[in-house]
1. Where residues in the range 128-151 are modelled with pLDDT of 95 or more and β-branched (Val, Ile, Thr), which of them is surrounded by the fewest Cβ atoms within 10 Å (Cβ to Cβ)?
2. Scan the range 72-88 and tell me whether some residue there is more than 16 Å from the chain's Cα centre (by Cα), farther than 21 Å from ASN110 by Cα and surrounded by fewer than 13 Cβ atoms within 10 Å (Cβ to Cβ).
3. Being surrounded by 12 or more Cβ atoms within 10 Å (Cβ to Cβ) and out of contact with any Lys or Arg (no Cβ under 9 Å at 6 or more places or on another chain) is the filter; apply it to the range 6-16 and report the residue that is farthest from TYR133 (Cα to Cα).
4. Among the residues of the range 89-100 satisfying the criterion of being buried (at least 16 other Cβ atoms within 10 Å of the Cβ) and β-branched (Val, Ile, Thr), which is modelled with the lowest pLDDT?
5. Given the residues SER46, SER35, which is the only one that is of a type in the set (S, T, N, Q), out of contact with any Lys or Arg (no Cβ under 9 Å at 6 or more places or on another chain), touching a residue at least 60 places away in the same chain (Cβ under 8 Å) and surrounded by 14 or more Cβ atoms within 10 Å (Cβ to Cβ)?
6. Residue by residue through the range 6-20, note down the ones that are of a type in the set (A, V, I, L, M) and in a loop (DSSP other than H, G, I, E, B).
7. Would you mind stating whether ILE20 is over 22 Å from SER2 (Cβ atoms), of a type in the set (A, V, I, L, M, F, W, C) and out of contact with any Leu (no Cβ under 9 Å at 6 or more places or on another chain)?
8. Run down VAL29, VAL4, VAL13 and say which single residue is in contact (Cβ under 8 Å) with a residue 24 or more places away in the chain, closer than 15 Å to LEU146 by Cβ and touching a Gly at 6+ places or on another chain (Cβ under 8 Å).
Amino acid sequence: MSSVTPLIALTNVDPFPYQIFNAIYRPSVILTTISIIFGFRQDVSSWALDKISIIDTTASTDIMQDGDFESNYLTQSYSQCILSNTRSSTTGILFDLPYSNNFYYNDQTNVGMTYLMQSLNIIGGRYYNITFYLENRGYTNNSFVLLVGAQ
């Protein structure tokens with residue numbers, strides 16, 4: 001990636017139920033591909049992520065693939081990178097407490113970070129509305145980031 005833009009960052013926040021988060025991203029006019037990157041650290045419990053959408057505001061279309069995790073097959077649309085000194089990471093698609101429908105992504109990574117990524121074809125210069133539901137299920141130490149990587 002030639003550059004990474006942070007859009008949302010949470011650090012050492014108290015537990016909260018599913019909340020909607022929103023960010024607007026406008027890539028350079030020369031870009032044709034970006035990577036949406038969610039980063040997680042939760043030493044006590046886990047983070048839950050559901051209903052991701054990335055709306056091209058010009059075309060009014062969602063370009064995110066399997067943003068609700070209903071395919072129940074993580075590596076079909078996503079890739080992961082685990083950065084942890086202890087390599088203590090439990091991630092996957094679960095069905096016990098989704099925000100909506102049947103499935104959601106759950107991440108418990110201790111000490112380091114796990115990054116969940118998806119590459120997307122875009123039209124440079126357009127505005128993209130990024131929306132998702134996030135739940136923090138534990139106390140400190142925890143971190144969450146939303147990044148966009150330009151390729």
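The values are calculated or read from the model by the stated rules, or taken from the named source; none is laboratory data. Bear in mind that the values here come from a model prediction, so they are computed numbers and not experimental data. Positions of Cβ are backbone-derived with ideal geometry, glycine not excepted, and every protein chain shown enters the neighbour counts.
1. That would be THR131.
2. Checked against the condition, which is being more than 16 Å from the chain's Cα centre (by Cα), farther than 21 Å from ASN110 by Cα and surrounded by fewer than 13 Cβ atoms within 10 Å (Cβ to Cβ), the range 72-88 yields no hits at all.
3. Start the filter on the range 6-16 by keeping residues that are surrounded by 12 or more Cβ atoms within 10 Å (Cβ to Cβ), which leaves 6-8, 10, 13, 15.
Remaining after also requiring out of contact with any Lys or Arg (no Cβ under 9 Å at 6 or more places or on another chain): 6-8, 10, 13.
Details: PRO6: 18, LEU7: 15, ILE8: 13, LEU10: 14, VAL13: 16 Å.
The selected residue is PRO6.
4. THR91
5. Numbers: SER46 fails: out of contact with any Lys or Arg (no Cβ under 9 Å at 6 or more places or on another chain).
Answer to the selection: SER35.
6. At the first step, the residues of the range 6-20 found to be of a type in the set (A, V, I, L, M) are 7-10, 13, 20.
Listed by number, the list holds a single entry, VAL13.
7. Details: over 22 Å from SER2 (Cβ atoms): yes; of a type in the set (A, V, I, L, M, F, W, C): yes; out of contact with any Leu (no Cβ under 9 Å at 6 or more places or on another chain): no.
In short, no.
8. Numbers: VAL29 fails: closer than 15 Å to LEU146 by Cβ; VAL13 fails: touching a Gly at 6+ places or on another chain (Cβ under 8 Å).
Exactly one residue qualifies, and that residue is VAL4.
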